[in-house]
Structure formats: structure tokens, C-alpha cells
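Trainee: Below: one structure in C-alpha cells.
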Amino acid sequence: MANVKIPDSVLVGPEGTKLKAWGSSKELSAVGKPRPKIGAQEKVTGSAIYAYDVQLPRMLYAAVLSSDRAHARIAALDTRKAEALPGVRAVLTYKNIEPVKWEQEGNILRDTVGYVGEPVAAVAAETEEIAYDAIHLIAVKYDPLPSVIEPLDAMKPGAPQLQKAGNVWQGKPVIYKRGDVEKGLKEADIVYEQTYTTSVQHHTTMELHGCVVQWDRDGLTVWDSAQGVNQVRDQLASRFNLPVNKVRVICKYVGGGFGSKNSAKHYHGLAALLSKRTGRPVKLFNTREDEFPVSRHRPKTIQTLKAGVKKDGTLVALYHKAIGQCGPYLDGAALGARATGDGTKSLYLCPNLMTEAYSVHTNTPLLAPTRGPGDTENLFALEQFIDELAEKVGINPLEFRKKNYAEVDQPHDNHHYSSKGLDRCYDMAAKAFGWGQKAKASAPHKKRGIGMSSLIWHGNRTEKSQAGVIIQPDGTAEVVAGIASLGVGAETIFTQIAAEELGMKMESVGIRWGDSSSTPYTINTSSGSRTTAIAGPAVRAAAADARHKLLKAAARLLGIKPTEIATLSIKDGVISTGDQSKKISVAEVARKQGRELIIGTGHRPPNPEDMAIEIFGAQFVEVEVDEQIGEVKVLRAVTAIDCGRWINPLLAESQIQGGFIQGMGMALSEERIMDSRNGIQLNANLHEYGMPTSLDVPDTNLALDPEVIDASNNINAKGLGEPPLVGAGAAIANAIYNATDIRVRDYPITPNRIVQALKERSSGTRQG
Amino acid sequence: MKSFANIDVKSVREAVTLLQKLHQEKKSAEIVSGGTELLQLMKDRVATPQYLINLKTIPGLNYIKEERSGFRIGALTTLTEIEEHKGVREKLLFLSQAAGEAASPQLRNAGTIGGNICQRPFCWYFRSANFPCLRKGGGICYAVAGDNRYHAILGGGPSYIVHPSDTAPALIALGARIKITGPAGEKTIPLEKFFVLPQVDYKRENILQPGEILTEVQIPHPKPGSKGFYHKVRERQAWDHAIVSVSTVVQSKGGICQDAHVVLGGVAPIPWRAAKAEAFLRGKKVDEGTARQVGEIALDGARPMKDNVYKIGMAKSLIQRALLASV
Ligand SMILES: Cc1cc2nc3c(=O)[nH]c(=O)nc-3n(C[C@H](O)[C@H](O)[C@H](O)COP(=O)(O)OP(=O)(O)OC[C@H]3O[C@@H](n4cnc5c(N)ncnc54)[C@H](O)[C@@H]3O)c2cc1C
């Protein structure tokens, strides 16, 4: 997008200078280039060190006994046999653990349990085998308390009340209103209502959740598998009442997070307390089965949408009610009330709108952000509903969306967007996909279908961020950033940003990260698709500071007045005057500096106040459905995402491809299956919890860049980690409908649901 | 996993003697081949044997031999070896496909045909130590009032597991027999007679007695004019057990069925042979109408539970498709 005006406030440079507004990525040398991910070779060759790999001298192994009851009071707890087992060094239960407040409900271990999987005891032993044998020797007698598993049951009168305010989180729904929905519905030519459900989706990270902890006189050191080093450190310091400089979190590589590794969880606390008690380092990693409750999950939701439309397709009223299931405690409960999010409120122009979201307490594990929390649940429902509305008024689904396009952000004072390339995404993805043409199915009992969805993900509010850039004595540069490498490539992107600003080759710029005690506070944790947009501008500012200092040193060496350094520029590591009459390499300046390193620091300027920031995109898919047995194959997917500037197209593509697949999993096969009599998950293993396999992914999974330059920060990026999942489900559901004339409104759309729906249609008990 | 002792045996005889001895001494023991299935049960502490008798160290139990009467496959042959064997591919209709669609490549590389036929159920109530179900010596089958979307629609009661093996229904459709070696020597029986319905004994899936080992699978050459069809319905293209599978062998002449085998997987506690449907088909012209009727007859008597009604339609469709593809 040409001629974007970048506000001066985001281009603040060192010592009153102004940063250059970057033009199209074609004009840049490092940003916008496909630099392979730093650490990729280490990962594929197995030399990258993860927390799970850490082995310390005298290290003990821990195991956690968790509740197999949904709601109970512990009547008796006998740990004598476990303690007597040779090799056991400590057993912690609510009876002997020091009082460390962990959740709003109280201590880290308590005498009641509120869900299956809640920790009851922890053991540290000389080997992992002994630790696990020991937890099986702990005898727990539970007095059952009344429990409720399903959110709709929990909302009924007479249900056991899990919180003082009742089973609806905070005692009431979260409501948003504009205009008058009733009035809007009266003005409409067509009023339509439909209900959708989404299932619990788990993060299923490849690396288990866990950490290695050493608590000694120097303080607490944690080798963690986390999405950031600072948030876990801050939380541990505050909960254990330790000075921040006595807590160190080290995390270079992470084997997947997807929202589940943002904060200090029970296992951090238990490992720390076991280490404190034994005076030895402790390794605590979950078993794969324990992962399911420990990592937490995306809520399941029940959503009803009601809309009024004019004959010409104009949306005049929209009502959205969502019920989300959260655990028994307040921790994470807010996430149950986010399915009526930005999609419903912002995506389409609609004067009369109301949303009502209920997060409902049940005796089930707690919630954690799960890639695209809220907006994913929202769009899986909304974007099917939009297709249904389009059909009601007889308009092509893509045209319907364009007709109701919102140029301004309605829930936020109708602010203009810092950029909105959704229209471009629609057009370029539709073109690349060949929207409108359906290919022939491969067999008579199979049907092909095409479908699409829009996507939206909230952009980032102003946050502080700081980074450093050091010019080493040999002239190489090193970015210093307080992040963990979640796997999305932020560290690679930072080197590109720094290289661009410094005028150096990408290969000469390295990065140090992953240790809270040797890096600045760049971000608390990488969540919300924020790292690039929050920390990237700080890295650019730090690089600009280093550049400024470099130029000052060069000016001295070249005999140029300090007031004239603006005439100097750096290209490919060489500093020169505009007329090329004087030049000196960065390496030479650095060498002359010697041990007086040039250290640039920078922070992120605030976002412009009058702009709304949202990420947009469009996803198109083609499916083939076997109408007799309900098997669905996704043949092709095309996704275009306006996340602002694509700093690294290679990484952007892989985010989009991976995100689509994770959305496809949620749409077609991933579902927590829980026995609603007792709250026990039946498929807590990677065999029965249906993540897509490499044989299930579409052969074509195309990612397109609409080349949007965003105005909200100095690198023009908005964030990309989560959006690619958000529209995937509805696009697939819409394609299945297009193929079969069957609307499956309950995710995941498994063969049994398709076959059942087809049967109901042929027996006349179902229409569409 | 609970600690156990592993014993590598050198011969079938040694294994048999040892198993018998441990049984007499009232010590718990399990046979292990690839270990891919047993290991998970042990990790989940559903199986807690004191001894593992490891068959993998027996030389000469891993082979695929083609003879005049048919194929002989040693119990330790892996699923991958069966999938990739040229003779099996060319002559045994769909056996290579059935073996190749089981589990995942890693599991097929380690998992053996003996272990596949003898594997324990994958019912989630059976597999969870949290549920003391009928099959583990408890009082009830939790599937009846629980989530039974993947459970039996035929032959269930009092337990409603489905037999998990993909190779067993395919082998039964091919008329396979198995050799069992035990304290009393060797015997060869039709594979079909190997499996046990829960109404006979709900704690076991087959007739093996303590000390008995499955040592060989024998498969006759399909009769001339035979066509086979295999399809396994699943949510994902790897790892998933069959939601429903069908294996059919139809021998026909001029479109008229001479002989037919129709075996369903994923619907019953044993591989489910639709004998009545086969009898109906014999001598009939195989067309859409007949195929539909065969499906109806095969599923006649199905008793679905609240979550698995869909399996009926799915199985009928598969049978129809199979028969129409067989002539
Ligand atoms: C995640 C997962 C998914 C799977 N999916 C499928 C699938 O889709 N389709 C399918 O068909 N299978 C599936 N399986 C089963 C897999 O194919 C089996 O694990 C494998 O074939 C078993 O072989 P094994 O040699 O490893 O058996 P083991 O694990 O060694 O033994 C399995 C059982 O058989 C007994 N046993 C082993 N050998 C003999 C013998 N010779 N005589 C008597 N008893 C014996 C053991 O005591 C044990 O009870 C799956 C398994 C897993 C773990």
C-alpha cells in the first residue's frame, strides 16, 4: 500500500533525530527477506538444548500425584509408604507444604480438589522411576463434594455453586451494546438465528510442560520451557517473596507453547519447593497424560447468533450470545467469556449490535490462552453464520462480506485503522484460489466444495519494551533481547530489523536471548501475537541508537563535525559520506573503539492514540467429502493475511501454514472427550486426541502477502502468530456445506457427525 | 510403569514352559513381541506384570513363505514387512493395505502380526486406570452409560468393546488359519474361531490359555475369480483405529456371486463376519439392489447405543461399495 503516512511519534530516534519511514520491502536490504530461522539447524540436528535436556549434578526427579476426582475434600492422606521407599527424598502435600499462595483460591496444595488433574502431592526422588512408584504409594481418601461438568448444567437452578458469585463468572455476563438490536431486527427483511458449538482444543506441545529448578543461597534458578523469561521470573519472585535479582529464568528454546507456557504454573512452584526442601536441583516434567489438564486448554463454547438483514444484504442487527466453560476457579476464567470478540463487534458494519458472554464455572481443568483465544471460537461460529445469512439473501458469500465491509473500528469510537488490508486479502486470495470454480470430485460418492472465511485478531495496545544492540570489537552486532524463542522466529526477525537499521549484512548480526538475568525487559511473555509488534520497534530503536553512536565515532575518525553526521550513511557495513569521498568500515570503527563497546539501547514509542489496530485476513479452502462415510479431505487452502509488513516471508509462510493446520485440527478432529458423569478426560493421549497428521494436511497450503505497511509503529508490523488459525474452521465448514448441502454446526466435524446429519436430511428430520 | 523382570527366550518351547511355570507359581506374566501395545498398558498401570516373556529373541519366527497351499507368516513378522512383501501385495488382495493402514509407520515397524491379532482393546474405559471396568475385573461396562461413540453395535454385552485389529478382519475374509503352540503341542484353527464374544467370557478377547502362543498365520491363495475390497473409515489418515472397516472377498462368474466373505471391523468385540449376508449373496447377481440388501442383512440385529447409531449407516454404505467394486 503506497503513501501511508507514518506518524512522527512512532519514528522517534536517538538524540532528537527522526527514524526513516521504511518504504516497500523491495527497497530494503534485510527486512522483508527470507532469512532462515536462527537455531533451525540446531533443532533438526538435535543439538539445541531444551529445558528437558538439562542435567545438573545431584539432580532429583519429581512426579506429581493429581486428583482423579472432579470435586472432593481430602479426608485422609497417607504418605508413609511413599516416604519409606528407598530413593525418595521429599513428599509434599497440603499438610506439610509451606503456605505459598498460588491462585486466588489459596495455597499451591490444598485439602480440596476442584477438577480431575489438580495436583494433590509431589515427590522428589533419585530417579524418575522411583518418583512415579512413590506417587502410586500415596493413599488418598476423598470425601466427594457435589460436582458439575457441563456449563449448561452449571447454569441450571440447583446446580452446586462453585464460586461465591455463582457459577457464572463474576455473577453476570460480559455485555457490549451499540444501537438497538430489537429496533434493528424490526427493520430487517430477514431475521435468522442459529446455534453453534466448539470443542475444547488442547495445545499439545511437542515438548512437555516442566522445568528444572535449583534453589540455593544464590536464589532460584529455573531452566524453563516457557514463552518468555520475564513473566515467569516476576511471578516466582512475587509468590516466593524473593528479590527479583535472586530469581533467574533461562529458556533458549521451547518445544511449543501456543499459549500454555506464559506463566508460573503449579509445576514451577512444586519443583521450587521440592528443591528448597531437599537442597538439590529438581527436574519436574509432566507425563503426556498429565499434560492435558496441566497445559489447560481453549474453552468449549455454545454460541447463538441472531441477525437481521435487508433484502439487498445489508446487515442491520446482530446479537451474539456465547457460553464458555471455565474451571472451578477464577484463574483463567476470563477466557471463557471471549467468544463474542472482535469478530462480532468489528468485522462487519452493523449499527445495532449486542453481545452477551458467559464464562461458566464447572469442575473441569482451568483455561489458558490457546492460539487465537476468543477470536477463534468467535469466528468458527460467526463466519459460518455469515455464510448462512448470505445464502438467505441469495448473495455470494464473498460479495456479502464486501457489502458489509467496515472501514472504521466500530467498538472503539469508530477510529480509523492503522491499516486495513482485508479487501486486498479477499481479492488476492480469491484470485489465487480460483474462487467460484469447483473441481470435479474423484469418485461418484464424493463431493467437492469450496468455502471461505474472514479472520480478525486484535492488534496490540501500547506496551513498554526495551532492547539492546551491541557493536562488538570485530564489528559484528549483537541484539540483546529478553525473550524466549517460542519457535515463531522473533529472534531471527530482530536480527533483520537491526541489520536494516544498522546498514549491515544480516549475517553480521547475531542475537542473545533467553536468560532473564542478562537481557533487558523486552517482553514479559510472547503471547497475543505481540512479540514482533511490541519488541521489534524497541530493537529498531536500539539499533538506531547504536547506529547514531557508530556514526559519531566514525565522524571523529573521518574528521567530520559532529553536527554533520547526518551526511553519513551505512551500507553493507561501510560508513561513508554522501559523495563517497570519505569512508570507513564499521569493523574499523569498532576495532578502534576497542573495549569501549558501542552499546545502543532503545525503547518502543507508544502507539498513535487515534488509531485502531487489528490484523485481518481471508482464508479459502477446497474439500472433498465422502458422502457415504463422512470422511473429509482438505485439498487446498489459500490464506492471505494483513499483519502489516511481512518482516520475514519464510517465517510468515510457515506461521500461516502451521496455523491453518492447527485450525483444521480444531475443525475436523481435535476435541477433548470427557465423561460428563465424573469429569475424567477419556482421550488424554496423543493417540485418541486427534491432532492432524502429516497425511491429513492439504497438499496446497498457500500463504499470500497483501504487502500492507502499517502506520502504528516504526517497523510497520502488527503480528501474525495466532491469526492463521482463526478463520480456518469456518472456511472448512463452509466448504463442507458447499459440497454436501449439510451444515454441521458442532465442531469438530467428524465422520460420525456428517453421516448422522446426512441421515437426518434423507429421513426429512433436518433441513440444511 | 511398575518394575518388572524381562526374560529373553530362545525358543517357543522355552517360552511355553516358562509361561506355564509362572502360571503355576501364580506369578503374573505377559508375552511381549513388539511391545508397542503392551507397553502403553503398562505405562498406564492397567497391566502390571511381574514378568515379560520376550519372544523377539526367538530365531526363526519372522518369515513370509509362499507355498503351493498359500502363505505362511511367522508371528514375529512386522506389519511393515507384510505391507511391503511383493508376494503379499500381488496375491493376497488387500492384506498389504490392511497392514499398511494400521497405526503409524513407527508402530508398524515394531509391531508384529502376532501382537496385532492378540492386542487388547483400545476402549478408553478399559485403558484408563480410573475405571475399574468389567474387563479388568470390575462390575460394569462404563461404555453403556458413558461416551460410546466408538463402541460396539453388534455382538456387545455385557462388555461393548470393539476389537481393535485391522489385520484380523482382513485375514478372516481371506480364510486365514492360525497356529497355536502350547503345553499340549501345536494346533491349527481358523482365525475366526480364535476370538471370544463377551457373552462367553468378557475378560478376554481370544481363546489363548496360559502358556499358549500364536506362532503362525496361514493364508490360502484366493480362489480364481476372487476380488477383494478393503476400506477403513477413520478421522485421520494415521494412528486412528477403524471407526468401521470392511473386508470383502467375492468370487464371481459373469457377475454372479459364487462365494463371498464379508467381515466388518470396528463394530463388534470380535472381527464380525456377516455370515447370513454372505449366504444371501451366494448365487445372486451382484448389483446395486443386492448390495443394498446384503448391507441390510449384515446390520440386521445391530443394537446401537446413544452415540454410535451412525456406525450402522456407515457399515451399510461400506458393504454396498465393497460389493459393487468386487464384480
Ligand atoms: C497408538 C496406537 C495406534 C494403533 N492403531 C492401530 C490400528 O489402527 N490398527 C491396528 O490394527 N492396530 C493398531 N494398533 C496396534 C498395533 O498395530 C499393535 O500395537 C501391534 O500390531 C502389536 O504388535 P506388538 O508386536 O507390538 O504387540 P505387543 O505389544 O508385544 O503385544 C500385544 C499383545 O499381544 C500379546 N502377544 C504378542 N505376541 C503374541 C503372540 N505371538 N502370541 C500370543 N500373544 C501375543 C501380548 O501379550 C500383548 O497382550 C495401534 C497401537 C497403538 C499403540
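The values are calculated or read from the model by the stated rules, or taken from the named source; none is laboratory data. Bear in mind that the values here come from a model prediction, so they are computed numbers and not experimental data. Please note: Cβ atoms are built from the backbone with ideal geometry, for glycine as well, and neighbour counts cover all protein chains shown. We work out accessible area using only protein heavy atoms, side chains counted, and drop any ligands, DNA or RNA first. Shrake-Rupley method; radii C 1.70, N 1.55, O 1.52, S 1.80 Å.
Trainee: What does the accessible area per residue of chain A come to in Å², with a 1.4 Å probe and no ligands, DNA or RNA counted? Working shown, then result.
Mentor: Details: 28250 Å² over 768 residues.
On a per-residue basis, 37 Å².
Trainee: Still on this structure, please answer the following. Whole-Hz Karplus ³J(HN,Hα) for the range B:108-124, in order, using 6.51 cos²θ - 1.76 cosθ + 1.60 and θ = phi - 60°, x for Gly and Pro?
Mentor: 3J(HN,Hα) across the range B:108-124, in whole Hz: 6, 5, 9, x, 9, 5, x, x, 5, 6, 9, 4, 7, x, 9, 4, 5.
Trainee: Applying 1/(1 + (r/R0)^6) with R0 = 25 Å to the Cβ-Cβ distance of B:TYR63 and B:GLN24, what FRET efficiency is obtained, to the nearest 0.05?
Mentor: The formula returns an efficiency of 0.20 here.
Trainee: Using only protein heavy atoms and a 1.4 Å probe, report how much of A:GLU507 is accessible, in Å² to the nearest 10.
Mentor: 140 Å²
Trainee: Each residue of the range B:139-155 in turn: what ³J(HN,Hα) in whole Hz from Karplus with 6.51, -1.76, 1.60 and θ = phi - 60°, glycine and Pro shown as x?
Mentor: Values, residue by residue: x, 9, 8, 5, 5, 4, 9, x, 8, 10, 4, 9, 8, 6, 10, 10, x Hz.
Trainee: Using a 1.4 Å probe on protein heavy atoms, which residues of the range A:616-637 have at least 40 Å² less accessible area in the complex than alone?
Mentor: A:GLN628, A:ILE629, A:GLU631
Trainee: Would you mind checking the pairs B:LYS27/B:LYS193; A:LYS101/A:LYS276; A:LYS5/A:LYS552; A:LYS172/A:LYS464; B:LYS227/B:LYS276; A:LYS252/A:LYS283 and listing those with alpha carbons more than 22 angstrom apart?
Mentor: From the list (B:LYS27/B:LYS193; A:LYS101/A:LYS276; A:LYS5/A:LYS552; A:LYS172/A:LYS464; B:LYS227/B:LYS276; A:LYS252/A:LYS283), the Cα-Cα distance tops 22 Å for B:LYS27/B:LYS193; A:LYS5/A:LYS552; A:LYS172/A:LYS464.
Trainee: Dividing the alpha-carbon Rg of the protein assembly as shown by 2.2 N^0.38 Å yields what?
Mentor: Compactness ratio reported: 1.01.
Trainee: Report the percentage of all Cα-Cα pairs in the range A:621-678 whose separation exceeds 17 Å, rounded to a whole percent.
Mentor: Result: 56 percent of Cα pairs exceed 17 Å.
Trainee: For A:SER712, A:SER66, give me the order by solvent-accessible area with a 1.4 Å probe, most accessible first, ignoring ligands, DNA and RNA.
Mentor: A:SER66, A:SER712
Trainee: Further question on the same structure: What FRET efficiency comes out for the pair B:LYS306/B:ALA129, r = Cβ-Cβ distance, R0 = 25 Å, nearest 0.05?
Mentor: With a Förster radius of 25 Å, E is 0.50.
Trainee: Rolling a 1.4 angstrom probe over the protein heavy atoms, how many square angstrom per residue are accessible across the range B:226-325?
Mentor: Ligands and nucleic acids excluded, the result is 36 Å² per residue.
Trainee: I've got another one for you. Ignoring ligands, DNA and RNA and using a 1.4 Å probe, state the total buried accessible area between B and A in Å², rounded to the nearest 100.
Mentor: Heavy-atom accessible area buried at this interface is about 2900 Å².
Trainee: Oh, and also: Structure shown: which of A:LYS18/A:LYS420; B:LYS26/B:LYS179; A:LYS265/B:LYS136 lie over 29 Å apart, alpha-carbon to alpha-carbon? Write down the numbers at each step before the final one.
Mentor: Numbers: A:LYS18/A:LYS420 25 Å; B:LYS26/B:LYS179 26 Å; A:LYS265/B:LYS136 35 Å.
Checking Cα-Cα distances, A:LYS265/B:LYS136 exceed 29 Å.
Trainee: When the Cα centres of the range B:87-119 and the range A:632-710 are compared, how far apart do they sit, in Å?
Mentor: 30 Å
Trainee: Are there trypsin sites (Lys or Arg not before Pro) in the range A:652-740 that DSSP puts in a loop and that have at most 13 other Cβ atoms within 10 Å, and which ones?
Mentor: A:ARG677
Trainee: Return the long-range amide H neighbours of A:LEU65 (sequence gap of 5 or more, or a different chain), with a cut-off of under 5 Å between placed amide H atoms.
Mentor: The list, which skips near neighbours in sequence, is A:VAL120, A:ALA121, A:ALA122, A:VAL123.
Trainee: Follow-up. What lysines sit close enough to A:LYS440 to cross-link, taking a C-alpha to C-alpha distance under 16 Å and skipping anything fewer than 8 places away on the same chain?
Mentor: Hits, sequence-local ones excluded: A:LYS633.
Trainee: Given charges of +1 on the Cβ of Lys and Arg and -1 on the Cβ of Asp and Glu, with all other atoms neutral, how large is the dipole of the protein assembly as shown about its Cα centre, in debye to the nearest 20?
Mentor: So the magnitude is around 1180 debye.
Trainee: May I pose another question? Express the relative contact order of the range B:226-325 as a whole percentage, based on alpha carbon pairs under 8 Å and six or more residues apart in sequence.
Mentor: 25 percent
Trainee: When only DSSP loop residues count, what trypsin sites (Lys or Arg not before Pro) in the range B:1-107 have their Cβ near at most 11 other Cβ atoms within 10 Å?
Mentor: Here the sparse-neighbourhood loop sites are B:LYS10, B:LYS26, B:ARG68.
Trainee: Any chance you could check the range A:657-680 for residues losing 30 Å² or more of accessible area when the partner protein chains are in, compared with the chain on its own (1.4 Å probe)?
Mentor: Output list: A:SER669, A:ILE673, A:ARG677, A:ILE680.
Trainee: Over the heavy atoms of A:VAL232, what accessible area does a 1.4 Å probe trace out, to the nearest 10 Å²?
Mentor: The accessible area comes out at roughly 0 Å².
Trainee: What does the extension gain come out to for A:SER517 and A:ILE599, with contour length at 0.36 nm per residue minus their alpha carbon separation?
Mentor: Here the segment from A:SER517 to A:ILE599 would lengthen by 27.8 nm.
Trainee: Could you check what % of the DSSP bridge pairs in chain A are antiparallel, to the nearest 5?
Mentor: 75 percent
Trainee: Can you give the Kirkwood hydrodynamic radius for the range A:194-327, in Å, rounded to one decimal and based on Cα pairs?
Mentor: 17.3 Å
Trainee: Another one. Report the label-to-label distance for B:GLN258 and B:GLN209 in nanometres (one decimal), using points 7 Å from each Cα along the Cα→Cβ vector.
Mentor: 4.0 nm
Trainee: How much of the accessible area of the range B:226-325, probe 1.4 Å, is carbon plus sulfur, in whole percent?
Mentor: Reported share for carbon and sulfur atoms: 51 percent.
Trainee: Right, here's the next one. Suppose R0 equals 45 Å; then what is the FRET efficiency for A:ASP572 and A:GLU407 from their Cβ-Cβ distance, rounded to the nearest 0.05?
Mentor: E(calc), rounded to 0.05, equals 0.60.
Trainee: Now for a different question. What residues qualify as long-range amide H neighbours of B:HIS231, i.e. H under 5 Å apart, gap of 5 or more or another chain, H built at 1.01 Å from N?
Mentor: Residues meeting the criterion, in which the H sits 1.01 Å from N, are B:VAL246.
Trainee: What full-extension length gain, to one decimal in nm, is calculated for A:THR127 and A:LYS431 as 0.36 nm per residue of separation minus the Cα-Cα distance?
Mentor: 103.6 nm
Trainee: So what are the ³J(HN,Hα) numbers for the range A:51-57, from phi and the Karplus equation (6.51, -1.76, 1.60; θ = phi - 60°), rounded to whole Hz, Gly and Pro as x?
Mentor: Listing the rounded values in order: 4, 4, 7, 5, 10, 10, x Hz.
Trainee: For the range B:226-325, max minus min Cα coordinate along each principal axis, in Å, sorted largest first?
Mentor: So the three principal-axis extents are 40, 29, 22 Å.
Trainee: I've got another one for you. Given a 1.4 Å probe and the protein chains all in place, what does the accessible area of A:TRP223 round to, in Å² to the nearest 10?
Mentor: Rounded to the nearest 10, the figure is 50 Å².
Trainee: At a 1.4 Å probe, what is the % contribution of carbon and sulfur to the accessible area of the range A:661-768?
Mentor: Here carbon and sulfur together make up 47 percent of the probe-accessible area.
Trainee: What is the Cα centroid distance between the range B:24-41 and the range A:41-95, reported in whole angstrom?
Mentor: The distance from the Cα centre of the range B:24-41 to that of the range A:41-95 comes to 27 Å.
Trainee: Students often get this wrong, so check it: of A:LYS447/B:LYS232; B:LYS2/B:LYS187; B:LYS21/B:LYS187, which have C-alpha atoms separated by over 27 Å?
Mentor: Details: A:LYS447/B:LYS232 19 Å; B:LYS2/B:LYS187 35 Å; B:LYS21/B:LYS187 21 Å.
Flagged as over cut-off: B:LYS2/B:LYS187.
Trainee: Taking the Cα centre of chain B as the origin, how large is its charge dipole in debye, to the nearest 20, when only Lys and Arg (+1) and Asp and Glu (-1) carry charge on their Cβ atoms? Please report the intermediate quantities before stating the final value.
Mentor: Values: 44 positive and 30 negative charges, 60 e Å.
Dipole size: approximately 280 debye.
Trainee: Please give the residues from the range B:221-244 for which the solvent-accessible area of heavy atoms, probe 1.4 Å, is smaller by at least 50 Å² with all protein chains in place than with the chain isolated.
Mentor: B:GLU235, B:ARG236, B:GLN237, B:TRP239
Trainee: Find how many whole Å separate the alpha carbon centroid of the range B:161-226 from the alpha carbon centroid of the range A:269-340.
Mentor: Between the Cα centre of the range A:269-340 and that of the range B:161-226, the gap is 47 Å.
Trainee: By accessible area of protein heavy atoms, probe 1.4 Å, what ranking do A:TYR747, A:TYR142 get, highest first?
Mentor: Ranked list, largest accessible area first: A:TYR142, A:TYR747.
Trainee: Just need the relative contact order of chain A here, percent rounded to a whole number, with Cα pairs under 8 Å and 6+ apart.
Mentor: The normalised contact order for chain A reaches 17 percent.
Trainee: Quick query: amide H of A:GLY510 versus all other amide H atoms, modeled in the peptide plane; which residues come in under 5 Å with a sequence gap of 5 or more or a different chain?
Mentor: Under 5 Å from the amide H of A:GLY510: A:ALA477, A:GLU478, A:VAL479.
Trainee: Could you sort A:TYR737, A:TYR196, B:TYR51 by their accessible area in this structure, using a 1.4 Å probe and putting the largest first?
Mentor: Solvent-accessible surface, decreasing: B:TYR51, A:TYR737, A:TYR196.
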